[in-house]
1. Does SER159 qualify as being at pLDDT 95 or above, open to solvent by less than 50 Å² (accessible area, probe 1.4 Å) and either more than 21 Å from ILE92 (Cβ to Cβ) or part of a helix (DSSP H, G or I) (or both)?
2. Just to be sure, is MET130 at pLDDT below 80, open to solvent by 10 Å² or more (accessible area, probe 1.4 Å), of a type in the set (A, V, I, L, M) and more than 16 Å from the chain's Cα centre (by Cα)?
3. For residues in segment 180-196 being hydrophobic (A, V, I, L, M, F, W, C) and over 19 Å from the mean Cα position of the chain (by Cα), which is nearest to VAL209 (Cα to Cα)?
4. Can you name the number of the only condition in (1) modelled with pLDDT of 95 or more; (2) aromatic (Phe, Trp, Tyr); (3) open to solvent by 30 Å² or more (accessible area, probe 1.4 Å) that TRP212 fails?
5. For segment 209-255, what are the residues that are among the polar types (S, T, N, Q) and in contact (Cβ under 8 Å) with a residue 60 or more places away in the chain?
6. Please work out which one of (1) assigned to a helix (DSSP H, G or I); (2) open to solvent by less than 20 Å² (accessible area, probe 1.4 Å); (3) of a type outside the set (S, T, N, Q) is the condition ILE221 fails and give its number.
7. Answer with yes or no whether ILE200 is part of a helix (DSSP H, G or I), over 30 Å from SER105 (Cβ atoms) and either open to solvent by less than 50 Å² (accessible area, probe 1.4 Å) or of a type in the set (Gly, Ala, Ser) (or both).
8. Given the options ILE64, ILE154, ILE149, name the one that is under 20 Å from the mean Cα position of the chain (by Cα), farther than 21 Å from ILE12 by Cα and assigned to a helix (DSSP H, G or I).
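The values are calculated or read from the model by the stated rules, or taken from the named source; none is laboratory data. What you see is a predicted model; the values in this text were computed from it and never measured. Note that each Cβ is placed from the backbone with ideal geometry, even for glycine, and that neighbours are counted across all protein chains shown. Side chains included, ligands, DNA and RNA excluded: accessible areas come from the protein's heavy atoms. Shrake-Rupley method; radii C 1.70, N 1.55, O 1.52, S 1.80 Å.
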Amino acid sequence: MKFSLGYLVDLITVITEKELKVRYKSSFLGYLWSIANPLLFAMIYYFIFKLIMRVQIPNYTIFIITGLFPWQWFASSTTNSLFSFIANAQIIKKTVFPRSVIPFSNVMMECLHFLCTIPVIIVFLLIYNMTPHWNWIFGIPIILVGQLIFSYGIALILSTLNLFFRDLERFVTLGIMLLFYCTPILYAGDMIPQNYQWLIEYNPLADMVLSWRDLFMNGHIDYEKIFTLYLVGFVILALGAWVFNKLKYRFAEIL
């Protein structure tokens with residue numbers, strides 16, 4: 001069954017709005033929680049690494065949040081995607097629509113949360129006597145689409161496999177924790193000894209985080225890292241589509 005582009009856009013919008021309403025129902029602060037969570041972690045890491053361990057990185061607050069905010073988008077969309085099909089079991093059973101838009105809506109919701117953090121980055125830039133660069137106009141959409149493709153591919157794989165292997169949740173939680181410390185979010189890439197530089201070179205999340213940080217702090221668009229992000233993103237998305245199409249016909253019997 002074929003669906004028009006307009007129908008898919010409307011469907012993604014409706015599902016995303018539903019997820020947002022469910023998450024912030026009866027919440028006093030509402031969308032501010034999407035900012036408060038990563039900002040609180042940034043304050044904790046600043047206290048530990050800058051004030052106690054005295055890491056010698058200039059403008060460390062901005063350094064942290066420009067890596068932590070995009071990471072939060074990836075990590076949240078990954079963990080939330082695990083239950084995206086399970087949480088929408090009733091809709092899947094009763095309605096005919098492309099199921100793949102469900103994990104995409106989860107990724108879009110976290111993307112909106114990330115966009116809400118950009119004003120916070122601007123405020124901190126001004127506090128540190130720095131200003132946004134004109135390259136943001138072009139750089140933000142370019143990197144954003146790249147991360148969207150990459151995150152959706154991961155979400156599609158995990159949301160599908162988690163229906164059949166419920167232990168996957170535990171492995172993903174541990175994997176995200178491991179990747180967090182293997183990605184230059186709290187530290188600069190050149191602080192890693194040469195013997196362990198492969199942790200960055202073969203880590204697409206490192207290219208993602210460094211691309212955002214370079215854009216926000218220096219106004220520089222690193223096309224080489226962005227190209228790598230897109231390349232890996234399309235490969236992951238193709239793998240996700242293959243896994244989803246192989247197993248989608250068994251959704252009804254599992255759900």
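1. On the way: at pLDDT 95 or above: no; open to solvent by less than 50 Å² (accessible area, probe 1.4 Å): yes; either more than 21 Å from ILE92 (Cβ to Cβ) or part of a helix (DSSP H, G or I) (or both): yes.
Against the criterion (at pLDDT 95 or above, open to solvent by less than 50 Å² (accessible area, probe 1.4 Å) and either more than 21 Å from ILE92 (Cβ to Cβ) or part of a helix (DSSP H, G or I) (or both)), SER159 does not qualify.
2. For MET130, the condition - at pLDDT below 80, open to solvent by 10 Å² or more (accessible area, probe 1.4 Å), of a type in the set (A, V, I, L, M) and more than 16 Å from the chain's Cα centre (by Cα) - is not met.
3. Taking segment 180-196 first, the residues hydrophobic (A, V, I, L, M, F, W, C) are 180, 182, 185-186, 188, 191-192.
Within this subset, residues satisfying the condition of being over 19 Å from the mean Cα position of the chain (by Cα) are 188, 191-192.
On the way: ALA188: 11, MET191: 16, ILE192: 16 Å.
Checked segment 180-196; the qualifying residue nearest to VAL209 (Cα to Cα) is ALA188.
4. Among (1) modelled with pLDDT of 95 or more; (2) aromatic (Phe, Trp, Tyr); (3) open to solvent by 30 Å² or more (accessible area, probe 1.4 Å), the lone unmet condition for TRP212 is (3).
5. Here is the first cut: in segment 209-255, the ones among the polar types (S, T, N, Q) are 211, 218, 228, 245.
Scanning segment 209-255 gives SER211, ASN218.
6. So ILE221 meets the others, but not (1).
7. On the way: part of a helix (DSSP H, G or I): yes; over 30 Å from SER105 (Cβ atoms): yes; either open to solvent by less than 50 Å² (accessible area, probe 1.4 Å) or of a type in the set (Gly, Ala, Ser) (or both): yes.
Judged against the criteria, ILE200 is a match.
8. Numbers: ILE154 fails: farther than 21 Å from ILE12 by Cα; ILE149 fails: farther than 21 Å from ILE12 by Cα.
Answer to the selection: ILE64.
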